[in-house]
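Just so it is clear, none of the values below were taken in a lab; they were calculated from the coordinates. Remember, it's a predicted structure, so these values are computed and weren't measured experimentally. Ideal geometry is used to build each Cβ from the backbone, glycine not excepted, and the neighbour counts take in all protein chains shown.
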Amino acid sequence: MTEGSWTHGEVVVNGVRLHYVEAGSGPLVVLLHGFPEFWYSWRRQLPALATAGFRAVAVDMRGYNTSGKPKGVSSYQLSVLVEDVAALVRHFAAQRAHIVGHDWGGVVAWSVAMRHPELVERLVVLNAPHPGAFLREARRPGQLRRSWYVLFFQLPWLPEATFRSGNYRLLRRVLQRQPLRAGAFTEDDINRYVEALAQPGALTAAISYYRATFRQAFQHMRHSATPVTAPTLLIWGERDPYLGIRLTQGLEHWAPNSRVERIPDASHWVQHDAPERVNELLVGFLKGT
């Protein structure tokens with residue numbers, strides 16, 4: 001199954017227009033990307049899920065690529081992002097769905113599972129910690145050093161100017177150098193990422209995820225760090241420069257029905273570094289095997 005056979009669509013949910021790409025038929029799987037990606041983050045997982053008998057829907061989250069871009073930092077609060085996903089699941093007439101998220105998509109996926117457990121059949125998160133684990137580790141110097149960019153993103157205009165500089169030179173460098181697998185992002189892939197982030201308003205919207213959550217971070221996390229009841233799989237690329245491996249420890253406290261699969265030779269970009277292994281884990285877990 002190739003990209004040409006996938007279906008592009010748009011839907012208005014929770015007051016925002018969301019673009020998505022759909023492949024396959026069967027139980028619903030909603031795929032949530034992270035920063036600075038878009039639906040294309042899941043290009044290697046969509047065909048695997050469709051072939052395995054699932055209806056896979058990879059969404060451009062609000063602010064990204066061609067989805068709607070409401071103005072104002074408050075439009076990107078985590079509680080708003082969660083309701084986007086909940087409304088999307090209901091739009092597809094699914095009583096429950098499998099939710100899969102990477103990075104920021106993983107943060108939202110955790111919160112959907114905590115706030116709307118009735119909607120989540122199974123949860124898969126890639127390199128995004130449960131809020132309780134992040135609260136525990138955020139005070140440690142090692143994780144603080146890794147998370148320096150979150151503070152940088154709180155500044156006005158400078159983060160946007162830095163990303164735009166030199167035709168998105170920083171973004172290109174990150175995608176060229178950080179993945180561990182050679183060719184994880186081709187030149188064409190990188191150009192597509194630049195094009196998506198260069199959409200009017202997209203860059204500020206993407207950074208607003210960090211700005212909105214930081215402003216209410218610890219208050220939100222204290223109230224949201226509740227147990228997840230859905231069966232949960234946490235897939236973790238161990239060589240993540242942003243998120244330390246300690247964030248995977250003690251998951252059973254917040255997700256009693258969970259397991260952690262660590263991939264030693266993968267970075268933060270785990271589904272790009274180890275696509276075959278991620279697909280194997282993802283399909284097997286969603287099928288309950």
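Rg/Rh for the range 152-289 stands at 1.01; both radii use Cα atoms, and Rh follows the Kirkwood definition. Database remark: amide H of residue 266 closer than 5 angstrom to the amide H of 238, 239 (H placed geometrically; neighbours at sequence offset of 5 or more, or on other chains; Pro and chain starts carry no H). Here's how it looks for residue 128: its modeled amide H is under 5 Å from those of 103, which are all 5 or more places away or on a different chain. Hydrodynamic analysis of the chain uses the Kirkwood radius over alpha carbon pairs. Inserted into Stokes-Einstein at 10 °C and 1.306 mPa s, it gives a translational diffusion coefficient of 84 µm²/s. Starting at 0 and stepping by 5 Å, how many percent of the alpha carbon pairs of the range 116-218 end up in each bin? Going from the shortest bin to the longest, the percentages are 2, 10, 15, 18, 18, 18, 13, 5, 1, 0. With θ taken as phi - 60° and the Karplus curve 6.51 cos²θ - 1.76 cosθ + 1.60 applied, the whole-hertz 3J(HN,Hα) list for the range 15-30 is x, 9, 8, 10, 8, 9, 10, 10, 9, x, 9, x, x, 6, 10, 9 Hz, x standing for glycine and proline. The ranking of 3, 160, 37 from fewest to most other beta carbons within 10 Å of each one's beta carbon is 3, 160, 37. A full extension of the chain between residue 259 and residue 140 corresponds to an added length of 40.4 nm, given 0.36 nm per residue minus the alpha carbon distance. A simple rule links phi to the HN-Hα coupling: the Karplus curve 6.51 cos²θ - 1.76 cosθ + 1.60 with θ = phi - 60°, which for the range 39-48 gives 3, 4, 3, 9, 4, 8, 9, 4, x, 5 Hz, with x for Gly and Pro.
Modelled label-to-label distance, residue 238 and residue 169, 7 Å Cα→beta-carbon offset: nm? Distance between the two pseudo-spin positions: 3.6 nm. Hydrodynamic radius of the range 1-142 by the Kirkwood approach over all distinct alpha-carbon pairs: 15.3 Å. Per-residue Cβ neighbour counts within 10 Å put 62, 17 in the sequence 17, 62, beginning with the fewest. Farthest towards the positive end of the charge dipole of the chain, among the residues 130, 116, 234, is the Cα of 130, using unit charges on the Cβ of Lys, Arg, Asp and Glu. Using the Karplus relation 6.51 cos²θ - 1.76 cosθ + 1.60 with θ = phi - 60°, the per-residue 3J(HN,Hα) values for the range 276-289 come to 5, 5, 4, 4, 4, 5, 5, 5, x, 5, 5, 7, x, 9 Hz, with x marking Gly and Pro.
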